[in-house]
Amino acid sequence: MLNLAIVSFTAPGSGDFTVPNGQGVIPKGVTVAMQSPGVVWFQATPRFDDTNVYLTASAPGLTGELEVMI
């Protein structure tokens, strides 16, 4: 069975940033759900590890939620 954790984020600027996943394990998957106009996507590699999710924002101040599957 998969458990789902929701982690909110705000992009600090345009470009690369990280969001702590708060789980302490490598997620089975992560999806991005935007709450503001703009685009946030995964950095090339790694997308995530046991500590962080690695993202890139098209503009500063974008908000959304990560759906972290563990």
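Quick rundown of the values:
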item	result
Relative contact order, percent, the chain [alpha-carbon distance under 8 Å, six or more residues apart]	52
All-pairs alpha carbon distance profile, the chain, 5 Å steps from 0, percent	4, 19, 31, 26, 14, 5, 1, 0
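A short reminder: the numbers here are calculations on the coordinates, not readings from a lab. Nothing here was measured: the structure is a model prediction, and the numbers come from that model.
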